[in-house]
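**Student:** Take a look at this one; I'll ask things after.
The values are calculated or read from the model by the stated rules, or taken from the named source; none is laboratory data. This structure is a prediction, so every number in the text was calculated from the model and none was measured. Neighbour counts are summed over all protein chains in view; Cβ atoms, including those assigned to glycine, are modelled from backbone coordinates with ideal geometry.
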Amino acid sequence: MTPAPALAGAWFAPEGGQEILTTVAGEREGLTFYETSTYWEVPLGDDASVVASPWFEQNYDTVEGWRGEATVALKGVILRDGPTVAAMQAGALWVSNPPEGCSEGGVELRWLGGRSFGEGRFLNIEGAVRGLEGGCNSERIDVSAGFRPRSNWLVMGQVFFDSPQEGDQVTRAQLTLVRFGESGRGLQIGLRSRIDGGPQKAALVVGLWGRPGN
């Protein structure tokens, strides 16, 4: 039910790797929820990397009062053509609250494509197919577009579409700003909201960008 981060430039292995810690606080049906997610990417070379993305939500609509997901995957570039890059990602998936009849473990396959339009502008599209043991499947599409008005500022708009096998399809939109310091670390702040009429008010998004080990 949560979108994985769709990151500017993350469709290839960033130099030195990438780490993004994100916290979301919002309200659904009059009750507060909190999300925490982390995105790690460690390059294995110019065209390959290891990616890990755990996610946790404290909520009120599960018996346990929380739910989580995690993926660990290998990502490899399959196309470089000037400003266009495409990659494939495949890895293991864990879901804390799977649909009835399915296990918590499975696999995720993800296609990632990005294009730079110069002057700091970019478009990134990701599509994922997920399958749990027992036959439960779901699909996701993430679209990100952004630009850099200055070298240390990033403006990014994103749309996340989630189509689970059980439950409602969910479409969210997110608008954020990221300010980078001299060290290269960045502070992200913005808003995320459902745009499909679902029961959720705009949520606050705060993130920290950097490199693993920094």
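**Student:** Determine whether the stretch 140-162 contains at least one residue that is within 17 Å of the chain's Cα centre (by Cα), surrounded by 13 or more Cβ atoms within 10 Å (Cβ to Cβ), of a type in the set (Val, Ile, Thr) and closer than 22 Å to residue 77 by Cα.
**Tutor:** Yes.
**Student:** What is the one condition in (1) of a type in the set (D, E, K, R); (2) buried (at least 18 other Cβ atoms within 10 Å of the Cβ); (3) closer than 20 Å to residue 211 by Cβ that residue 47 does not satisfy?
**Tutor:** Among (1) of a type in the set (D, E, K, R); (2) buried (at least 18 other Cβ atoms within 10 Å of the Cβ); (3) closer than 20 Å to residue 211 by Cβ, the lone unmet condition for residue 47 is (2).
**Student:** Where in the stretch 116-193 are there strands (runs of 3 or more DSSP E), lying wholly inside it, with at least 3 residues that are closer than 21 Å to residue 208 by Cα and of a type outside the set (Phe, Trp, Tyr)?
**Tutor:** Qualifying strands (runs of 3 or more DSSP E): 136-150, 153-163, 170-180.
**Student:** For the list (1) under 25 Å from residue 187 (Cβ atoms); (2) among the acidic types (Asp, Glu); (3) in a loop (DSSP other than H, G, I, E, B), I need the number of the one condition that residue 61 fails.
**Tutor:** Result: residue 61 fails condition (1) only.
**Student:** Can you name the condition, by its number, that residue 202 falls short on among (1) of a type in the set (A, V, I, L, M); (2) at pLDDT below 90; (3) surrounded by 18 or more Cβ atoms within 10 Å (Cβ to Cβ)?
**Tutor:** (3)
**Student:** Can we say residue 25 is modelled with pLDDT under 90, of a type in the set (A, V, I, L, M, F, W, C), touching a strand residue (DSSP E or B) at 6+ places or on another chain (Cβ under 6 Å) and under 20 Å from residue 202 (Cβ atoms)?
**Tutor:** So residue 25 does not fit the description; no.
**Student:** Return yes when residue 55 is of a type in the set (A, V, I, L, M, F, W, C), more than 22 Å from residue 123 (Cα to Cα), in contact (Cβ under 8 Å) with a residue 40 or more places away in the chain and crowded, with 17+ Cβ neighbours inside 10 Å and no when it is not.
**Tutor:** yes
**Student:** Among the candidates 45, 16, 30, which residue alone is farther than 24 Å from residue 145 by Cβ, at pLDDT below 95, in contact with a Lys or Arg (Cβ under 6 Å, 6 or more places away or on another chain) and not aromatic (Phe, Trp, Tyr)?
**Tutor:** 16
**Student:** Report whether or not residue 107 is surrounded by 15 or more Cβ atoms within 10 Å (Cβ to Cβ), farther than 30 Å from residue 149 by Cβ and within 15 Å of the chain's Cα centre (by Cα).
**Tutor:** no
**Student:** Here's a follow-up. Tell me the residue from 131, 113, 135 that is under 20 Å from residue 92 (Cβ atoms) and modelled with pLDDT of 90 or more, please.
**Tutor:** After applying the criteria, what remains is 131.
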